[in-house]
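A short write-up of the structure that comes next.
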Amino acid sequence: MKGVLLINLGSTEKPEKESVKEYLDEFLMDERTMDFPYWLRSLIVRGIILKTRPEKSAANYKRIWWEEGSPLIVISERLREKVKNLIDFPVEIGMRYGNPSIKSGIKKLVDQGVKEVILLPLYPHYTMSTIETALVKAKEIQQEFFPEIKLTSLPEFYEDPKYIDVLSQSIEEEIKDLEYDHLLFSYHGIPVRHERKTSYVLKGENSDKEKISYRDQCLKTTALVAEKLNLKPGTYSTSFQSRLGIDPWIKPFTDDTVEGFPKKGIKKLAMVAPAFVADCVETIDELNREAKEDFFAAGGKEFNFIPCLNDRQDWAETIVNWINNTKKEEISVQV
């Protein structure tokens, strides 16, 4: 029997300093998140970041926390329920960091008699710090605890027509009644060094010929949505958020872009974050609070953040379509 594991990044269990510190330690000590030698990574993370960042991050989480818990986890559970109701396979969720973990998700599936676990990392775009680390972790867990099962995965979906359709529909529903000057597509940033490391070979008939970087994957998503929505050139653009440290990160930066808009006559801004399929601290707080404040401080007049796909019914149906009809692949990343 087959089962499905929906994988996302994860969240702190509580919006409190110690819980955030534990979560950030697991997240930032991952060699695919911060790809320095262990000694240097430990010095930066445990010697600097974990002494200063958890208190601020806890305050950010407190602002977005729902009565049921972390928005990302709650939304993921709601999505799981909708997918489960549309398919004959058992469906669980697993977070790369924190709980519910990938290990607990696989165990729940195995306990239901599953022999093949289909992994669906809920990241549209491929990077070493998103899809790659999720697949590596799942493979490590399978080899150590569940060697009797088979692991397969669904590919990244940044240009998949069904993803573009549902993403475009979600945006159109929000902007159809808005008066706005510009639509900004804000994607999560990565260090330039990661970009060089994770430019990867595309799957499919041209897999031996074509490579595409993370930045170009994001630009492709923007272009396809713009085409779908008939957006006019100059009325939309792409930027990258959430940089950390002093390393060069891919540009343009979202905060700089937002602050510069009013000087260009863009006073009414709409923003969407296609790198995220579920609203979380990076969308609710970083964009819909911090970026909004930056925009208004620079002279902006209206700001509208477009929610992520979250647990939309058409998004759940898209996932089920992939599970039923998309070719699954053996995990090829090196553990």
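The values are calculated or read from the model by the stated rules, or taken from the named source; none is laboratory data. All values reported here derive from a predicted model rather than from experimental measurement. So basically every Cβ, Gly included, is an ideal-geometry build from the backbone, and we count neighbours across all protein chains shown.
Are any of the residues in the range 190-203 at pLDDT 65 or above and not in a helix (DSSP H, G or I)? Yes, that holds for at least one residue. When Glu55, Glu18, Glu67, Glu13 are checked against the criterion of being closer than 26 Å to Trp249 by Cβ and surrounded by fewer than 18 Cβ atoms within 10 Å (Cβ to Cβ), Glu55 stands alone in meeting it. Hey, could you check the range 292-307 for residues that are in contact with a Phe, Trp or Tyr (Cβ under 6 Å, 6 or more places away or on another chain) and of a type in the set (Phe, Trp, Tyr) and say which is nearest to Pro262 (Cα to Cα)? Per the stated criteria, the residue is Phe295. Please tell me if Asp311 is touching a Cys at 6+ places or on another chain (Cβ under 9 Å), of a type outside the set (A, V, I, L, M) and not in a helix (DSSP H, G or I). The answer is no for Asp311. Being buried (at least 22 other Cβ atoms within 10 Å of the Cβ) and farther than 16 Å from Gly10 by Cβ is a property that Leu72 lacks. Give the residue that is surrounded by the fewest Cβ atoms within 10 Å (Cβ to Cβ), with candidates limited to residues of the range 243-288 that are under 19 Å from Gly299 (Cβ atoms) and among the acidic types (Asp, Glu). It comes out as Asp256.
The single condition from (1) within 20 Å of Phe240 (Cβ to Cβ); (2) in contact (Cβ under 8 Å) with a residue 60 or more places away in the chain that Arg196 fails is (2). Screening Gly105, Gly94, Gly113, Gly98 for residues that are more than 25 Å from Met34 (Cβ to Cβ) and of a type in the set (Gly, Ala, Ser) leaves exactly one candidate, Gly113.
Just checking, does the range 238-260 include any residue being under 30 Å from Lys150 (Cα atoms) and in contact with a helix residue (DSSP H, G or I) (Cβ under 8 Å, 6 or more places away or on another chain)? Scanning the range 238-260, I find no residue that is under 30 Å from Lys150 (Cα atoms) and in contact with a helix residue (DSSP H, G or I) (Cβ under 8 Å, 6 or more places away or on another chain), so the answer is no.
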